[in-house]
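Structure first, commentary second.
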Amino acid sequence: MQWKDVSQNWNAYIPRILTQWPTLNEADVQSLDGDQDAFIDYLSKSKGEDRVAAQMELADWLMGSEPIDVTMDEQNDNAQIMDSAKNVGTGEDALADDAKFGTDPAPATPVGRS
C-alpha cells in the first residue's frame, strides 16, 4: 500500500487502522484526516515509543496489500465501475446494454437430433 492511497481513502481505512492498533481512539484517528506526520506523532505518543519506532511500525503495516474492504468501499464504486471497462472485449462498448453482450448465434443442431 502507499500512504497516498490511505490518505485519499482515510475513512475506509479507519477500521483497518483500529484493527492493527486497537488502543487508538477512533475519534482521534478520524480527526487526523490522513495526515501521515500527525498519525505517526499520534501513534508514537499513544504507544509511548519514539517517532522512529512508530514510523517503522507504520512502514511494516504499509507493506501489506490493500484490504478488500477498502477496495470495495462505496466511495470507490464509480472508479471501480469505470475501471471495469478494461475487461470488455475489443469492439464492445463498455456502456452498452448488457443484453447485447453474448449474442453469438447458437450452434446448429447436430445431424439426427431435434
Count - residues of segment 6-42 that are loosely packed, with under 15 Cβ neighbours inside 10 Å and touching a residue at least 60 places away in the same chain (Cβ under 8 Å): 1
How many residues of segment 43-59 are exposed (fewer than 13 other Cβ atoms within 10 Å of the Cβ) and either of a type in the set (Gly, Ala, Ser) or at pLDDT below 90 (or both)? The answer is 2
Restricting to helices (runs of 4 or more DSSP H) lying wholly in segment 1-65: which have 3 or more residues that are touching a Ser or Thr at 6+ places or on another chain (Cβ under 8 Å) and farther than 24 Å from ASN76 by Cα? 51-62
Can you name the number of the only condition in (1) surrounded by fewer than 13 Cβ atoms within 10 Å (Cβ to Cβ); (2) over 12 Å from the mean Cα position of the chain (by Cα); (3) assigned to a helix (DSSP H, G or I); (4) not β-branched (Val, Ile, Thr) that GLY89 fails? (3)
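The values are calculated or read from the model by the stated rules, or taken from the named source; none is laboratory data. Everything numeric here is computed off the predicted structure, so don't read it as measured data. All Cβ positions, glycine included, derive from the backbone under ideal geometry; neighbour counts span all protein chains shown.
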